[in-house]
Amino acid sequence: MKKNIILLSMVAALGLTACDNPATKANTDTVGETKKVYTVGVDNTYPPFEFTQDGKLVGIDVDLITAIAKDQGFDIKIEQMDFSGIIPAMQAGMLDIGMGGMSITDKRKETVDFSDPYFAAGVSLVVPDTNQTITSLNDLSGKKVVVKNGTVGASFADKNTEEYGYSIIQVSDSASMFQEVTNGTADALMEDYPVISYAIANGGLKLKTVGERLTGDNYGISVLKDKNDELLDMVNTGLNNLKENGEYDKIINRYLE
Ligand code: GLN
């Protein structure tokens with residue numbers, strides 16, 4: 001009898017290793033019920049989606065995935081990293097879920113599956129608030145544009161460099177990107193408009209957006225492609241439940257007017 005039990009638990013343990021993503025671990029909560037822990041990668045700092053307030057990681061992404069996990073009965077562990085490292089970390093099996101204000105793009109769909117969209121965004125061109133000469137892409141000839149590695153803004157900048165004649169500076173986080181323009185190292189930057197608007201309003205940055213929006217895209221929650229259908233289903237069901245029960249609106253309103 002005892003032998004059988006040992007054998008059964010060995011099979012269970014082997015089964016777990018074979019089917020589960022290495023980032024996923026089981027967790028036992030206070031009543032002894034086992035919940036899965038999914039590791040979620042977010043950007044280093046990307047207010048209002050993830051940022052530290054009073055020593056605590058908060059933001060729309062953080063609150064949303066926390067609420068989805070609660071709704072769907074799983075636990076999460078959030079890790080902050082350079083945005084460009086999120087998908088590679090998923091591919092390396094270190095993360096189960098990727099967020100970070102991540103836009104749904106066809107290129108990314110080659111490696112990840114996205115949830116239903118949860119936020120509408122798009123890239124804006126941004127210059128110092130005192131600048132009177134750059135009002136659109138057409139004024140960027142000979143200028144330096146700073147972008148953040150691995151973002152939609154960076155690939156837009158890349159694609160259009162020849163047409164508009166600017167050069168590109170790459171950095172790995174948004175704060176550095178804003179600084180390059182406020183200290184005059186770069187003439188302009190490209191950033192998602194909800195993020196730059198929030199930074200200008202709340203961070204007192206002397207920057208402004210100019211011209212038309214450069215892209216229109218939606219944020220989605222990502223999982224590694226073709227391998228996480230069950231997790232993706234839970235994320236979508238949870239997201240949908242939060243939209244229906246008003247929790248989604250509450251989260252958005254906590255950070256945005
Ligand atoms: N939404 C943009 C993208 O997905 C930027 C994300 C970010 O900088 N965290 O590329």
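What to note about this one:
- More than 17 Å apart - percent of Cα-Cα pairs taken over region 75-128: 45
- Alpha-carbon spread of region 127-200, three principal axes, descending order, Å: 29, 29, 21
- Residues LYS144, LYS56, LYS109 in ascending order of nearby Cβ atoms (within 10 Å, fewest first): LYS56, LYS109, LYS144.
- Building the convex hull from the alpha-carbon atoms of region 117-257 and averaging its projection over directions returns 9.8 nm².
- Estimated [θ] at 222 nm from DSSP helical runs (n ≥ 4, -39500 (n - 2.57)) normalised by residues in the chain, nearest 500: -11500 deg cm²/dmol
- Structure remark: mean-square fluctuation, Gaussian network model of the chain, C-alpha springs under 10 Å; the largest value among ASP233, ASP116, ASP217 belongs to ASP233.
- For LYS148, the aspartates and glutamates whose Cα comes closer than 12 Å to its Cα, not counting residues fewer than 8 places off in the same chain, are ASP43, ASP82, ASP158, ASP173, GLU180, GLU191, ASP192.
- Principal-axis tilt of helix 229-244 within the chain, Cα atoms, nearest 10 degrees: 70
- Computed magnitude of the charge dipole of region 173-229 (debye, nearest 20; Cβ of K, R +1, Cβ of D, E -1): 140
- Net length gained if the chain between ASN253 and THR135 were fully extended (0.36 nm per residue, minus Cα distance): 39.4 nm
- Antiparallel bridges, percent of DSSP beta bridges restricted to the chain (to nearest 5): 60
- Amide proton proximity set for LEU207, modelled H, under 5 Å, gap of 5+: ASP129
- The C-alpha atoms of the chain define a longest principal axis, and helix 152-164 lies at about 30 degrees to it.
- Interchain or long-range residues, amide H under 5 Å from LYS77's placed H: TYR38, THR39, VAL40
- Comparing PHE49, PHE156, PHE83 in a Gaussian network model of the chain where C-alpha atoms under 10 Å apart are linked, the largest mean-square fluctuation is found at PHE156.
- Stokes-Einstein D (µm²/s) once Rh is taken as the Kirkwood radius of region 61-200 over alpha-carbon pairs, at 10 °C in 1.306 mPa s: 96
- Using θ = phi - 60° and Karplus 6.51 cos²θ - 1.76 cosθ + 1.60, couplings along region 171-186 (whole Hz; Gly, Pro as x): 10, 9, 8, 5, 4, 5, 4, 5, 5, 4, 7, 5, 8, x, 5, 10
- The ellipsoid equivalent to the alpha-carbon distribution of the chain has semi-axes of 40, 19, 15 angstrom, derived from the gyration tensor eigenvalues as √(5λ) and listed largest first.
- Relative to the longest principal axis of the Cα atoms of the chain, helix 60-72 runs at roughly 20 degrees.
- Using Cβ point charges alone (K and R +1, D and E -1), the dipole size of the chain about the Cα centre works out to roughly 560 debye.
Read-outs: derived from the displayed coordinates by stated rules, not from any lab. Since we're looking at a predicted model, the values are computed, not measured. Ideal geometry is used to build each Cβ from the backbone, glycine not excepted, and the neighbour counts take in all protein chains shown.
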